[in-house]
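Q: Supplied in structure tokens, the structure appears directly below.
Any read-out appearing in this document is the output of simple, stated calculations on the displayed coordinates, not a laboratory observation. Worth saying up front: this structure is predicted, and the values here are computed from it rather than measured. Heads up, the Cβs are rebuilt from the backbone with ideal geometry, glycines too, and the neighbour counts pull from every protein chain shown.
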Amino acid sequence: MSLQMKHKKGRIMGKLIHTVNGLIPVEQLGVTLMHEHILQANWSMRQSFPQWFCYDEFIDYAAEDVRRTKELGVCTLVEQTPVCLGRDIHAMKEVADRTGMQVIASTGFFHTENQWLYGRSTGSILKYLMLDIEEGIQGTDIHPGLIKCATDTAGVTEINRKLLSAHADAARRSGLPVGTHSYYGNRSGIAQMEVFEEYGLNPRKILIGHCGDTNDMEYLEELLRRGCYIGLDRFGDDAKNPLEDRVDTLVKLCDRGYMDQLMISHDYVSFVDIGDFEWCNVRGTDPDAAQYNHRYIHRFVLPLLLERGFTQAEIDRLLIENPRRFFAEM
Ligand SMILES: [Zn+2]
């Protein structure tokens, strides 16, 4: 291994990528889903109510879910769960160990305005991001491969501005790429890019997420002209944007020359406790009980793309070459 590839204090010195099972060469990523989740379960509720969630049952369920995804040819899941949405590094590691799936974890804080954020300085937020990046996550020696930040319907509020700045600063210091949660309705992807540009981040290491929820070509092209990647990353979530419209927009963007800046993914979670989702209703069910899961793209989107004239080589550009170029960027 060359010196250039040496890992030093959590920083990427060459083309080696942090997974929950250590560093791997970027060439080994293979078919990669860039915005996925394995688990989002609130830590306060887990600690307060044993009925809320059962870790052991979940691991069996998620391992089966992820095993089926690997069987379809997916090699890597980028797990974009931020700290305050119930990130659990042990669950990611155990599912990766059981299935052989390469899982890339993230550091970062969600847009939700947690009480501890009020009055907190950008420097303090940065300190905790750097602890994850340099020391490891949750007391393990597992390092994040991505910095995740988020802006939602409220837009760039005062607290959100601090969060974006701290995350951008962490990216500048660590060299890690950035993935975001954004909301097209207030064009917050553009506002996020403006902060990242202030910090001099390389746009080729930025993935603005959830852009596939809109078919507004003007907004999407404005983002793409800034040089970043955009996530068409909720395939299967028909309520936010139906499949046919998502595919039409993808085809239009490719026709206009942006194929190499698009990432397709699901934003699916093997188990999430938001709203009415309860573990007691999920335990014992089949991971394919609903159509929307980590396999939706392979089952429903790729056949449609082939029908629309895509070649296998073009599908490989979306699922293999774009993620590899994103993580390889220095
Ligand atoms: Zn997500």
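Q: What would the Debye equation give as log₁₀ I(q)/I(0) for the stretch 217-269 at q = 0.19, 0.22, 0.23, 0.30 Å⁻¹, counting only Cα atoms as equal point scatterers?
A: -0.63, -0.83, -0.89, -1.27
Q: Please work out whether the stretch 158-281 counts as rounded, prolate or oblate from its C-alpha gyration tensor, where a ≥ b ≥ c are the square roots of the eigenvalues and a/c under 1.5 means rounded, while otherwise a/b larger than b/c means prolate and anything else oblate?
A: Oblate, because a/c is 1.5 or more while a/b does not exceed b/c.
Q: At 0.36 nm per residue, minus the direct Cα-Cα distance, what do Arg172 and Glu218 gain on full extension? Give it in nm, one decimal, please.
A: Value of the extension gain: 13.7 nm.
Q: Please list, in chain and number order, the residues 5+ apart from Phe277 or on another chain whose amide H is under 5 Å from its amide H, with Hs placed from the backbone.
A: Answer set, sorted by chain and number: none.
Q: Could you give me the ³J(HN,Hα) list for the stretch 90-96, computed from phi with Karplus coefficients 6.51, -1.76, 1.60 and θ = phi - 60°, whole Hz, x at Gly and Pro?
A: 5, 5, 4, 5, 5, 5, 5
Q: So what is the 222 nm mean residue ellipticity for the chain from helices alone, if each DSSP H run of at least 4 adds -39500 (n - 2.57) and you divide by all residues, rounding to the nearest 500 deg cm²/dmol?
A: Mean residue ellipticity, 222 nm, calculated: -10500 deg cm²/dmol.
Q: Using 20 Å bins from zero, what percent of all Cα-Cα pairs in the chain falls into each bin?
A: Over the chain, the share of Cα pairs per 20 Å bin runs 33, 62, 5 percent.
Q: Follow-up. Pick out, from Ala41, Cys280, Tyr128, the residue whose Cα sits farthest towards the positive end of the charge dipole of the stretch 3-328, with +1 on the Cβ of Lys and Arg and -1 on the Cβ of Asp and Glu.
A: Tyr128
Q: May I ask you to compute the full-extension gain from Gln115 to Asp286, defined as 0.36 nm times their residue separation minus their alpha-carbon distance, rounded to one decimal in nm?
A: Between Gln115 and Asp286, full extension yields 57.8 nm more.
Q: Suppose R0 equals 25 Å; then what is the FRET efficiency for Leu243 and Gln312 from their Cβ-Cβ distance, rounded to the nearest 0.05?
A: E between Leu243 and Gln312, to the nearest 0.05, is 0.75.
Q: Apply the Karplus curve 6.51 cos²θ - 1.76 cosθ + 1.60, θ = phi - 60°, to the phi angles in the stretch 200-211 and return the couplings in whole Hz, x for Gly and Pro.
A: Those phi angles translate into x, 6, 6, x, 6, 10, 10, 10, 7, x, 6, 6 Hz.
Q: How large is ³J(HN,Hα) for each residue in the stretch 174-185, as worked out from phi by the Karplus curve 6.51 cos²θ - 1.76 cosθ + 1.60 (θ = phi - 60°), to whole Hz, x for Gly and Pro?
A: 8, x, 6, x, 10, x, 10, 9, 9, 10, 5, x
Q: So how strong a dipole does the stretch 130-270 carry about its Cα centre when Lys and Arg Cβ are +1 and Asp and Glu Cβ are -1, to the nearest 20 debye?
A: Taking the Cα centre of the stretch 130-270 as origin, the dipole is about 320 debye.
Q: For the stretch 136-197, give the magnitude of the charge dipole about the Cα centre (Cβ charges: +1 Lys/Arg, -1 Asp/Glu; no others), in debye to the nearest 20.
A: That gives the stretch 136-197 a dipole magnitude of about 20 debye.
Q: Okay, moving on. Report the full-extension gain for the segment Ser124 to Glu197: residue separation times 0.36 nm, less the Cα-Cα distance, to one decimal in nm.
A: Taking Ser124 through Glu197 to full extension adds about 24.1 nm, to one decimal.
Q: Across the stretch 3-328, how many lysine pairs, 8 or more positions apart or on different chains, have C-alpha atoms separated by under 23 Å? Please give the number.
A: 24
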